[in-house]
1. Look through Thr222, Thr236, Thr216 and report the one residue that is within 13 Å of the ligand (Cβ to nearest atom), in contact with a helix residue (DSSP H, G or I) (Cβ under 8 Å, 6 or more places away or on another chain) and polar (S, T, N, Q).
2. Among the residues that make up the stretch 48-58, is at least one of them within 29 Å of Thr144 (Cβ to Cβ) and either in a loop (DSSP other than H, G, I, E, B) or modelled with pLDDT under 95 (or both)?
3. So in the stretch 68-84, with the set limited to residues that are more than 16 Å from the ligand (Cβ to nearest atom) and open to solvent by less than 30 Å² (accessible area, probe 1.4 Å), which one is nearest to Glu102 (Cα to Cα)?
4. Could you go through the stretch 216-233 and let me know if any residue there is hydrophobic (A, V, I, L, M, F, W, C) and touching a strand residue (DSSP E or B) at 6+ places or on another chain (Cβ under 7 Å).
5. Is it true that some residue in the stretch 154-171 is touching a residue at least 24 places away in the same chain (Cβ under 8 Å) and touching a Cys at 6+ places or on another chain (Cβ under 9 Å)?
6. Run Leu108 past the list (1) closer than 14 Å to Ser30 by Cα; (2) part of a helix (DSSP H, G or I); (3) among the aliphatic types (A, V, I, L, M); (4) open to solvent by less than 20 Å² (accessible area, probe 1.4 Å) and report the number of the one that doesn't hold.
7. Can you pull out the residues in the stretch 106-135 that are more than 13 Å from the ligand (Cβ to nearest atom) and either among the basic types (Lys, Arg) or touching a residue at least 40 places away in the same chain (Cβ under 8 Å) (or both)?
8. State which residue is nearest to Arg163 (Cα to Cα) when the search covers only the stretch 19-47 and only residues that are of a type outside the set (S, T, N, Q) and at pLDDT 95 or above.
Amino acid sequence: MRDNEPVNRSDQEADKDQERGSRLHPRVTSFRSRRGALTATQQVCWDETWPQIGRDVGDDRIDTAAWFGRDAPLIVEIGSGTGTATAAMAKAEPQNDLIAVEVYRPGLAQCLQQIQREEITNIRLLRGDAVDVLENMLAPESLTGVRVFFPDPWPKARHHKRRLLQAPTFALIASRLQSGGVLHVATDHAEYAEFIAEVGNAEPQLTALDWESPMTHERPVTKFENKAHLVGSSITELIWGKIRS
Ligand SMILES: C[S@@+](CC[C@H](N)C(=O)[O-])C[C@H]1O[C@@H](n2cnc3c(N)ncnc32)[C@H](O)[C@@H]1O
């Protein structure tokens, strides 16, 4: 997803910047900085709703029960894009609370608009790097589920280090899942799917799910997934459970 990248900079220059890091993103990240302005209507919606249901990523642990106003099973979606799956899945499982994490502000704004229009009450949004969210903002063993739908595949070999789903991220996700919690990944990229399967299967805290999942696995087709269908890519779903203690 590179549509809003500045056009006058080479891949290599962008790589160097990313590897040098910045105050906000001091390591190689799984996303590129993308600019994107909000429409006037999105800005109005943002100003009305973000203070209640959105937050920028920070260092402090979130009191999720206070934020949602109830204590319910918690699911985190990493890289929610425009929030199509977030909204549909939140409506399908009103008994669960969903936190969508995304760096791209216009995507979050679209999600906010849908939340406001459809009066969805069980979604909260975090803007920033999901790795920071997992490391700092969410307690170990606090999540019922984690969803990662269509993570950027970074197909060039020299970019593989940027892939979100690598061994350390699997270990981090698994550490945040409760016993019996679920990790659900979907990708349209065959080679990344193989890589994800291999790394996920090697994570000692995860196992094949052979108990009833505490969350739905029914995803709507997102705009992004639709493009994959149009070019004939097949979709791989990968599901693990956190080993039950
Ligand atoms: C290919 S898009 C898929 C979006 C959405 N899941 C869908 O299916 O339409 C991947 C998204 O992940 C986001 N992303 C990548 N790395 C991220 C990270 N570390 N934290 C939060 N969002 C991230 C990107 O900004 C991008 O919007």
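1. Values: Thr236 fails: within 13 Å of the ligand (Cβ to nearest atom); Thr216 fails: within 13 Å of the ligand (Cβ to nearest atom).
That would be Thr222, the only listed residue that is within 13 Å of the ligand (Cβ to nearest atom), in contact with a helix residue (DSSP H, G or I) (Cβ under 8 Å, 6 or more places away or on another chain) and polar (S, T, N, Q).
2. Quick first cut of the stretch 48-58, residues within 29 Å of Thr144 (Cβ to Cβ) only: 49-58.
After this cut, where a residue has to be either in a loop (DSSP other than H, G, I, E, B) or modelled with pLDDT under 95 (or both) as well, the list is 57-58.
Yes, that holds for at least one residue.
3. Of all residues in the stretch 68-84, those more than 16 Å from the ligand (Cβ to nearest atom) come to 68-74.
After this cut, where a residue has to be open to solvent by less than 30 Å² (accessible area, probe 1.4 Å) as well, the list is 68, 72, 74.
Numbers: Phe68: 19, Ala72: 22, Leu74: 17 Å.
The extreme case among them is Leu74.
4. No - not one qualifying residue is present in the stretch 216-233.
5. Looking through the stretch 154-171, none of the residues is touching a residue at least 24 places away in the same chain (Cβ under 8 Å) and touching a Cys at 6+ places or on another chain (Cβ under 9 Å).
6. Tallying (1) closer than 14 Å to Ser30 by Cα; (2) part of a helix (DSSP H, G or I); (3) among the aliphatic types (A, V, I, L, M); (4) open to solvent by less than 20 Å² (accessible area, probe 1.4 Å), Leu108 fails exactly one: (1).
7. Matches in the stretch 106-135: Leu112, Gln113, Ile115, Gln116, Arg117, Asn122, Ile123, Arg124.
8. Step one: filter the stretch 19-47 for residues of a type outside the set (S, T, N, Q), giving 19-21, 23-28, 31-32, 34-38, 40, 44-47.
Filter once more, so that each one left must be at pLDDT 95 or above: 38, 40, 44-47.
Working: Leu38: 27, Ala40: 34, Val44: 34, Cys45: 32, Trp46: 30, Asp47: 33 Å.
Only one residue tops the list, namely Leu38.
The values are calculated or read from the model by the stated rules, or taken from the named source; none is laboratory data. As the structure is a prediction and not an experimental result, all values here were calculated from the model. Counting neighbours? That spans all protein chains shown, and the Cβs are built from the backbone with ideal geometry, glycine included. To get the accessible areas, we keep the full protein, side chains included, count just its heavy atoms, and leave off ligands, DNA and RNA. Shrake-Rupley method; radii C 1.70, N 1.55, O 1.52, S 1.80 Å.
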